[in-house]
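Beneath this line is the structure, given in structure tokens, with notes to follow.
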Amino acid sequence: MNNDDLLTRILTCVELGKVNRNTPFPPDMKGMDGADELTRLALERGIKPSEILNDALIKAMDKVGQKFADKKIFVPQMLISARAMNASMVHLKPYFQTGEVKRKGKLIIGTVAGDLHDIGKNLVAMIVEGAGWEVIDLGVDVSAQKYIHTIQEHRDAVVGLSALLTTTMHNMRTIVADIKNSFPAVTLMIGGAPVTEQFRAEIGADGYASDPQGAVAYLNSLIHEV
Ligand code: B1M
């Protein structure tokens, strides 16, 4: 199996939800290596973590999303794919976290109220941390109150909001307004698949990034202001 085949196999495992060798699902892959073992193998072979992320994991999630939209799969299959993706990300995490020890600043991040999607938010957190920022991860379904409570304890932090649903993206509007009411000087950045620069401007957030690299670039651009 060459490296391209290996990446394709990781993609397939995430797409079909094959977490590791011991998981019985999907039945026709019983006893075969899953996302867990194959990611370890890929790293041992020297395949770059960013290549595994972009060429296997993110592509797999795009396929899963498309199949869900086409009603070819349902929530349980999406969930099991997310598990396989997480099994792979466990191995990638240390590579993304080998950033400078000296912290550039702090990011409080969470997925907004009503939204349980955390894969993208976790990736942003991981890569921002690797780029030298301290990250306080509030998890999913984060209310304005929870953000405000955390900002009270970390007044110098930048605040990041993630949303994956077109419905919860609109919760950002009220959360941004509530936070700005309590802390007018706080810097807020938003991101997530349905979010755009135009939406950022509309709701009065300070920054928008479409991916983790963009989030790092935005945060680094603030360094003199934080
Ligand atoms: Co859901 N889901 N889901 N889902 N899910 C989507 C988002 C959907 C597009 C699928 C589809 O229909 N094609 C669709 C939303 C449609 C819409 O809103 N218009 C959808 C739906 C409908 C739902 C439910 C409502 C389904 C139901 O119950 N009927 C339900 C909602 C639950 C809830 O949140 N209340 C639901 C549930 C789930 C699961 C729990 C099963 C699972 C999530 C598991 C988990 O996250 N732990 C799941 C999954 C896996 C998906 C898809 C397939 C994959 C999402 C993902 O992880 N993508 C997704 C389809 C898709 O996206 N293709 C889908 C990979 C990830 C790396 O990308 O999250 O975009 P992303 O993050 C990117 C960027 O957006 C950016 O950087 C990341 C890395 O590049 N980014 C930021 C993200 N946050 C950022 C913050 C920043 C900056 C950049 O600054 C702060």
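Listed values, structure above:
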quantity: Matching residues, the range 176-219, being assigned to a helix (DSSP H, G or I), surrounded by 16 or more Cβ atoms within 10 Å (Cβ to Cβ) and away from the ligand (no atom under 12 Å from the Cβ); calculated: I179, K180, F199, I203
quantity: Residue in the range 132-141 that is of a type outside the set (G, A, S), within 13 Å of the ligand (Cβ to nearest atom), closer than 30 Å to L41 by Cβ and in contact with a strand residue (DSSP E or B) (Cβ under 8 Å, 6 or more places away or on another chain) present; calculated: yes
quantity: Which numbered condition V159 misses (of (1) more than 8 Å from the ligand (Cβ to nearest atom); (2) free of Cβ contacts under 8 Å to residues at least 60 places away in the same chain; (3) assigned to a helix (DSSP H, G or I); (4) closer than 30 Å to P94 by Cα); calculated: (3)
quantity: Qualifying positions in the range 66-84 - hydrophobic (A, V, I, L, M, F, W, C) and either touching a Phe, Trp or Tyr at 6+ places or on another chain (Cβ under 9 Å) or within 7 Å of the ligand (Cβ to nearest atom) (or both); calculated: F68, A69, F74, V75, M78, L79, I80, A82
quantity: Lone unmet requirement of (1) without any contact (Cβ under 8 Å) to a residue 24 or more places away in the chain; (2) in contact with a helix residue (DSSP H, G or I) (Cβ under 8 Å, 6 or more places away or on another chain) for Q97; calculated: (1)
quantity: Answer residue from the range 60-91, given it is part of a helix (DSSP H, G or I) and charged (D, E, K, R) and is surrounded by the fewest Cβ atoms within 10 Å (Cβ to Cβ) among those; calculated: D62
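Taken together, the values in this text are just the output of simple stated rules run on the coordinates, not laboratory data. From a predicted model like this one, the values you see are computed outputs, not experimental measurements. Every residue, glycine as well, gets a Cβ built from its backbone with ideal geometry; the counts of neighbours run over all protein chains shown.
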